2 protein chains.
Amino acid sequence: MTPELREIQAPFRKGLDRVASEMRRIVLADAPLIARVGAHLMSMRGKMLRPTLVLLASEVERKPEPRAVSLAAVVELIHLATLVHDDAVDHSALRRGMPTVNAMFSHQVSVIAGDFIYARALTELVGLGDLEPIEILTRVSAEMSVGELRQLGITHPLRFSEDDYDLLIGAKTASLMSAACEVGALAGAGDNRETLRTFGRSLGMVFQIVDDMMDYTGHADTTGKPAGLDLRERKVTLPLIAALREMRSSARREVEMLFETDSPTDAQLQRVAQLVHDHGGLEYARERAAEHARAATDAAGRLPQGRASDSLSRVVHYVVGRHS
Amino acid sequence: MTPELREIQAPFRKGLDRVASEMRRIVLADAPLIARVGAHLMSMRGKMLRPTLVLLASEVERKPEPRAVSLAAVVELIHLATLVHDDAVDHSALRRGMPTVNAMFSHQVSVIAGDFIYARALTELVGLGDLEPIEILTRVSAEMSVGELRQLGITHPLRFSEDDYDLLIGAKTASLMSAACEVGALAGAGDNRETLRTFGRSLGMVFQIVDDMMDYTGHADTTGKPAGLDLRERKVTLPLIAALREMRSSARREVEMLFETDSPTDAQLQRVAQLVHDHGGLEYARERAAEHARAATDAAGRLPQGRASDSLSRVVHYVVGRHS
């Protein structure tokens with residue numbers, strides 16, 4: 001049975017609560033607008049997967065350092081800043097079922113609030129007095145922006161290959177999960193830094209592939225965004241890439257027509273989703289996710305036995321199970 | 001006579017050219033869209049005032065360190081990232097007489113490209129292996145965002161006071177000029193760090209007040225943006241704040257009407273600009289700029305005598321003279 005993230009987090013609940021207080025403290029500022037944006041962001045806080053990874057990684061050698069909590073807060077704030085800018089760029093109205101900052105305040109506020117959260121997170125990181133986590137997290141931030149710019153630069157979405165896709169989700173998603181595990185390692189599990197980094201990267205690949213599958217299988221309650229949105233926005237993800245390889249020209253033509261239409265109808269979207277399903281796109285994506293999940297589980301198996309490495313293995317099951 | 005910035009920069013031209021190459025190297029990435037955005041930004045590069053400050057500050061004790069060049073490049077890139085986001089937020093079409101990134105590419109690209117430039121600049125900074133400049137520049141970045149958010153949060157522009165204005169331009173403009181001088185000090189002039197920081201802050205205040213005056217006096221060729229733009233966008237700056245204090249109710253009513261209109265006419269804008277002039281708003285702003293300029297010149301006078309401190313004094317004259 002797929003574990004709930006809540007259950008995995010239960011033994012670490014106290015640490016996670018401290019992470020949330022840290023996040024609040026870090027973005028505190030004496031400007032009323034910032035207070036309102038901050039309160040809204042904290043209320044739409046997600047499952048805290050990344051801070052959980054930081055705390056778990058820091059416990060792997062059974063000697064977690066207190067600064068793991070601050071590092072976890074910084075990682076989640078960097079993630080939040082990225083989400084705020086992504087929503088601004090995509091003009092998204094909802095995130096996790098709540099209004100986005102751009103919808104609730106304005107586009108302008110979301111651009112600058114994202115900058116503010118990111119800069120405050122880094123200032124906090126500098127306060128810890130260690131260059132290594134700063135190096136990891138600024139490098140990853142640049143990598144995430146490159147990923148996003150690659151996506152914005154796609155002119156022929158249907159020529160987007162599986163290699164392009166791997167590069168994209170590696171930069172956009174796996175990089176920060178990997179960094180979360182790596183900075184966790186810096187706070188008490190330095191001997192396992194490389195293994196934890198590898199674990200995080202594989203986990204991130206699973207996470208994004210499953211997320212992209214859910215856009216086809218339609219679990220709006222899990223993702224907090226409507227199913228079919230990627231397709232509507234002409235975002236080509238692994239299920240479609242894999243299915244296109246199996247399509248004959250008539251099916252392919254239907255997909256092309258969708259991508260040439262300015263505002264596709266629901267019927268068109270459903271038809272293409274069906275074609276993706278019929279041509280094994282979801283099946284293929286599931287296999288690739290399973291491969292990355294095995295790599296993550298293998299990495300977790302190389303860590304010292306204990307409740308932290310156990311929990312990391314369970315996180316893999318949780319992430320895989322989200323689509324089922 | 002007001003010196004040209006070019007003349008002041010002449011003896012440091014070689015260093016500045018190296019700064020430009022550094023900037024190009026830092027934002028290099030293997031994504032075609034980034035290359036295009038980067039090339040556009042480099043072509044619209046401004047007068048390189050901030051890098052000039054870094055180089056001059058580092059020379060004050062006649063033993064500048066080579067890393068001053070990298071620090072100068074990072075400071076200018078942070079400035080560029082801020083401009084790209086400001087233009088995105090303001091939907092500006094022109095900057096320095098050239099199309100902005102949002103006009104030339106898209107709003108989305110400008111948000112993410114700004115993030116990218118900022119993250120790459122910080123990665124470079126981390127590579128220098130010194131926490132101090134990172135501490136200064138991340139703190140200033142947060143301060144600039146707070147300033148911008150304060151401005152976005154103004155609901156009653158005509159109640160905006162001179163204290164509010166000082167706080168705003170201190171955060172938005174003076175902070176980065178001050179940081180430019182301070183990180184320059186870290187690269188060879190550590191004994192004068194405090195004086196250089198003070199110099200930079202005063203210079204930044206002059207710079208912004210003069211910039212805001214030019215919106216009334218109309219030197220579009222100097223600012224690269226049309227005169228009267230601030231007023232059109234309901235941005236209240238020092239000349240108007242000062243003039244409002246002297247206005248009787250009839251004049252005040254005309255200003256209020258402009259601020260209540262959705263799209264003010266050119267005649268309305270000209271009329272309010274005239275009122276600001278007639279009620280001594282520009283005169284008052286000029287006096288305040290002169291006070292800050294004296295503070296900057298005094299600070300420069302406390303530095304060791306030499307070509308670097310001479311040049312810093314000349315920079316003050318240049319900045320003051322921009323409006324005349």
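Values in this text are rule-based calculations from the coordinates and carry no lab data. Just so we're clear, the structure is a prediction, and the values are computed from it rather than from any experiment. Because the Cβ atoms are built from the backbone with ideal geometry, glycine has one as well, and the counts that use them run over all protein chains shown.
Pop out the ³J(HN,Hα) list for the range A:282-297 in order, Karplus 6.51 cos²θ - 1.76 cosθ + 1.60 with θ = phi - 60°, rounded to Hz; leave Gly and Pro as x.
In residue order, the calculated couplings are 6, 4, 5, 4, 4, 5, 5, 4, 5, 4, 4, 5, 4, 4, 5, 5 Hz.
Within 10 Å of each Cβ in peptide B:151-159, how many partner chain Cβ atoms are there on average? Round it to a whole number, please.
Across B:151-159, the average partner-chain Cβ count within 10 Å equals 3.
For each of B:MET257, B:MET177, A:MET247, count neighbouring Cβ atoms within 10 Å of the residue's Cβ, then give the residues from fewest to most.
Lowest count first: B:MET257, A:MET247, B:MET177.
With θ set to phi - 60° and the Karplus curve 6.51 cos²θ - 1.76 cosθ + 1.60, what are the ³J(HN,Hα) couplings of the range A:247-252 in order, to the nearest whole Hz, using x for Gly and Pro?
After applying 6.51 cos²θ - 1.76 cosθ + 1.60, I find 7, 7, 4, 5, 5, 4 Hz.
Explain nothing, just the number: dipole magnitude of the range B:165-324 about its Cα centre with +1 on each Lys and Arg Cβ and -1 on each Asp and Glu Cβ, in debye rounded to the nearest 20.
Result for the range B:165-324 is approximately 280 debye, rounded to the nearest 20.
How do A:HIS292, B:HIS277 rank when sorted from fewest to most other Cβ atoms within 10 Å of their own Cβ?
By the 10 Å Cβ count, ascending, the order reads B:HIS277, A:HIS292.
Step by step: find N for the range A:1-112, compute 2.2 N^0.38 Å, then divide the Cα radius of gyration by it. What's the final number?
1.15
Shortest first and in nm to one decimal, what separations exist between A:GLU291 and its copies in the other chains, measuring from label points 7 Å along the Cα-to-beta-carbon line?
6.9
Once the label point is placed 7 Å from Cα along Cβ, list for B:PRO32 the distances to the corresponding points in the other copies, in nm, shortest first.
B:PRO32 label point versus its equivalents elsewhere: 4.9 nm.
So what's the angle, to the nearest 10 degrees on a 0 to 90 scale, between helix A:68-90 and the longest Cα principal axis of chain A?
Approximately 30 degrees, to the nearest 10.
Which value, in debye to the nearest 20, describes the size of the charge dipole of chain A about its Cα centre when Lys and Arg Cβ atoms bear +1, Asp and Glu Cβ atoms bear -1, and nothing else is charged?
The dipole of chain A has a size of about 680 debye.
Please state the Cα pair-distance histogram of the range A:69-142 with 5 angstrom bins from zero: what percent is in each bin?
Bins of 5 Å from zero give 3, 17, 26, 21, 14, 11, 6, 2 percent of pairs.
Can you list residues whose amide H is under 5 Å from A:LEU94's amide H, if they're 5+ apart or on another chain and H is modeled 1.01 Å from N?
A:THR100
Sort B:302-312, B:135-145 by the packing proxy (mean of other Cβ within 10 Å over each peptide's residues), most packed first.
Most protected by this proxy first, the peptides run B:135-145, B:302-312.
Bin width 10 Å, alpha-carbon pairs only: give the P(r) of the protein assembly as shown as whole percents, running from 0 to the bin holding the largest distance.
The distribution over the protein assembly as shown is 3, 15, 24, 24, 17, 11, 5, 1, 0, given as percents.
Say a label goes 7 Å from Cα toward Cβ at A:SER43 in every copy; what distances in nm does this one have to the rest, shortest first?
Taking the point 7 Å beyond Cα along Cα→Cβ, the inter-copy spacings are 4.6 nm.
Using the Kirkwood radius over Cα pairs, work out the Stokes-Einstein diffusion coefficient for the range A:5-321 at 10 °C and 1.306 mPa s, in µm²/s as a whole number.
78
Could you work out the local net charge near B:THR198, counting Lys and Arg as +1, Asp and Glu as -1, over the other residues with Cβ closer than 11 Å to its Cβ?
Taking every Cβ under 11 Å from that of B:THR198, the sum is +1.
Take every Cα pair under 8 Å in the range A:5-321 that's 6+ residues apart, average their separations, divide by the length, and report that relative contact order as a whole percent.
Answer for the range A:5-321 is 19 percent.
Under the Karplus relation 6.51 cos²θ - 1.76 cosθ + 1.60, θ = phi - 60°, what is the ordered set of whole-Hz ³J(HN,Hα) values for the range A:195-212, x standing for Gly and Pro?
4, 5, 4, 4, 3, x, 5, 4, 4, x, 5, 4, 3, 6, 4, 4, 4, 5
Sort B:PHE207, B:PHE12 so that the residue with the fewest other Cβ atoms within 10 Å of its own Cβ comes first and the one with the most comes last.
Ordered by Cβ neighbours within 10 Å, fewest first: B:PHE12, B:PHE207.
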